Amino acid sequence: MSLHDDALGLAPELVRLRHDLHRFPELGLALPRTQERVLQALDGLPLEVSQGSALSSVTAVLRGGRPGPAVLLRADMDGLPVAEKAALPFAADNGAMHACGHDLHTTMLAGAAHLLAARREQLHGDVIFMFQPGEEGFDGAGAMLAEGVLDAAGRRPVAAYALHVASAMPHGEFSSRRGPILAASDALNVTVHGAGGHGSVPHRAKDPIPAACEMVTALQTMVTRHFDVFDPVVVTVGLLQAGTQRNIIPETAHFEATVRTFSAEAQAKVADISVELVRAIAAAHGLRAEVEYLPGYPVTVNDGAETDFLADTVREAFGEERFQTMPNPMTGAEDFSRVLDAVPGSFVWLGAAPKGTDPDNLPLNHSPYAEFDDAVLADGAALYAELATRRLAAGDLAA
């Protein structure tokens, strides 16, 4: 039987695990119940299992029966601070939600561990299973790298793969691309300091609000005048706070922006230019700007050879029509980028829209109404297992 056939045989267990994880989402780096549930799901398998020190991670190593390299498979496990509104019988009611499908990723990777353990003697090397907390803004991947996940098998993996479901992507469609697939994500936080006063006599105060507004507009112009349109930059101010009443000039105005870039060069350049720009505008108004630029996740860059290998694996295991090449990267961000900075590999999307629905009219990931179809669990588990099996047998792709 094929790995996909075996995964379909596991489907009832996968569904039960996914529903259990979905009912009890946990946030950030501390996921004690999720960690315990993963350990239960792996219990009895011939794995070398370790737990994180600074976070509730699980790392498991499966030693293949034949000599060869190591391959890493990653799944993120954390939820989001979103109150679920989807009408599911297993919906969460604790104010948090698996609105990004990490419960599916965790279940798929646990399923892959079962599939690969059953074929352990035929594996040409070792598999590292990376169950990661804190992807949603807590840099759990960075913490796991600091704790040595890449060396869990005793040597660095030759390749690393991660899968992510999408609630508004056609059911069962796998999608990826060579090169950048997700953006870098940084934060720009600015507080403009002035001098408060009465709104009727603004010349007697130092109003920070016009300066802050000018900064917001200038940041948009900065994008179009300092950066190549073919190496895009997105700056979005999502928070702007100032004042308490219409006739009071406040002492400060504060705004925060998210900055998305698709190359290390653009990421470094926007950090320098944006900080200089807002300080100069503040000075021109006779004010002072307190500026904080916070680098976040780097660009997620898929290795070309590994992405070609992934695409071939999908086509051979599931059918030619199941893989689509993405024409452009997405502007979301991922801390799996940390892994791909250290190890060649690839990140792939899997459409999880319920069968028979129109993906264009469905709630997106992170929506309180987002829904993901259980039917893709077997596909994801099988793909993880296929990638590990085939990649270990392939040896050096560059040879």
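Listed here are the residues, each with its yes/no results for (1) in contact (Cβ under 8 Å) with a residue 12 or more places away in the chain; (2) over 14 Å from ALA187 (Cα atoms); (3) part of a strand (DSSP E or B); (4) over 29 Å from the mean Cα position of the chain (by Cα).
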{"position": "ALA211", "(1), (2), (3), (4)": "yes, yes, no, yes"}
{"position": "THR217", "(1), (2), (3), (4)": "no, yes, no, yes"}
{"position": "GLN220", "(1), (2), (3), (4)": "yes, yes, no, no"}
{"position": "THR224", "(1), (2), (3), (4)": "no, yes, no, no"}
{"position": "VAL234", "(1), (2), (3), (4)": "yes, no, yes, no"}
{"position": "THR258", "(1), (2), (3), (4)": "yes, no, yes, no"}
{"position": "GLN267", "(1), (2), (3), (4)": "yes, no, no, no"}
{"position": "SER274", "(1), (2), (3), (4)": "yes, no, no, no"}
{"position": "ALA280", "(1), (2), (3), (4)": "no, yes, no, yes"}
Exercise. From the residues in the range 342-364 that are open to solvent by less than 40 Å² (accessible area, probe 1.4 Å) and either in a loop (DSSP other than H, G, I, E, B) or among the small types (Gly, Ala, Ser) (or both), which one is farthest from GLY101 (Cα to Cα)?
Worked result: VAL343
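Among the residues of the range 293-308, how many are open to solvent by 30 Å² or more (accessible area, probe 1.4 Å) and touching a strand residue (DSSP E or B) at 6+ places or on another chain (Cβ under 8 Å)?
Within the range 293-308, the subset open to solvent by 30 Å² or more (accessible area, probe 1.4 Å) is 293-295, 301, 303, 305, 308.
Still in the running and touching a strand residue (DSSP E or B) at 6+ places or on another chain (Cβ under 8 Å): 293-295, 301, 303.
Of the residues in that region, 5 qualify.
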For this session: Looking only at the range 365-398, count how many residues are more than 18 Å from the chain's Cα centre (by Cα), small (Gly, Ala, Ser) and in a helix (DSSP H, G or I).
Result: 8
Exercise. Applying the selection to the range 197-209, what residues are outside any loop (DSSP other than H, G, I, E, B) and open to solvent by 50 Å² or more (accessible area, probe 1.4 Å)?
Worked result: HIS198, PRO202, HIS203, ARG204, LYS206, ILE209
Problem set entry | Residue list for the range 6-29, filter: open to solvent by 70 Å² or more (accessible area, probe 1.4 Å) and out of contact with any Phe, Trp or Tyr (no Cβ under 6 Å at 6 or more places or on another chain) | LEU8, PRO12, GLU13, ARG16, PHE24, LEU27
Exercise. Does GLU290 qualify as being open to solvent by 60 Å² or more (accessible area, probe 1.4 Å) and either part of a helix (DSSP H, G or I) or over 29 Å from HIS98 (Cα atoms) (or both)?
Worked result: yes
Seminar exercise, completed: Contact list, first residue from the range 110-121 and within 10 Å of GLY65 (Cα to Cα), second anywhere and of a type outside the set (Gly, Ala, Ser) and open to solvent by 60 Å² or more (accessible area, probe 1.4 Å), beta-carbon distance below 7 Å, six or more apart or interchain, is ARG120/PRO46
Exercise. What strands (runs of 3 or more DSSP E), lying completely within the range 156-196, carry at least 2 residues that are out of contact with any helix residue (DSSP H, G or I) (no Cβ under 8 Å at 6 or more places or on another chain) and at pLDDT 95 or above?
Worked result: 179-182, 184-193
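Within the range 310-329, track down each residue that is assigned to a strand (DSSP E or B) and either surrounded by fewer than 17 Cβ atoms within 10 Å (Cβ to Cβ) or of a type in the set (Asp, Glu) (or both).
Initial filter on the range 310-329 (assigned to a strand (DSSP E or B)): 323-325.
Listed by number, the list holds a single entry, THR325.
What are the residues in the range 115-149 that are surrounded by fewer than 21 Cβ atoms within 10 Å (Cβ to Cβ) and either more than 25 Å from ARG177 (Cβ to Cβ) or more than 13 Å from the chain's Cα centre (by Cα) (or both), if any?
ALA117, ALA118, ARG119, ARG120, GLU121, GLN122, HIS124, PHE138, LEU145, ALA146, GLU147, GLY148
The values are calculated or read from the model by the stated rules, or taken from the named source; none is laboratory data. Worth saying up front: this structure is predicted, and the values here are computed from it rather than measured. Glycine also receives a Cβ, built like all others from the backbone with ideal geometry; neighbour counts cover every protein chain displayed. Keep in mind that these areas ignore ligands, DNA and RNA; they rest on the heavy atoms of the full protein, side chains included. Shrake-Rupley method; radii C 1.70, N 1.55, O 1.52, S 1.80 Å.
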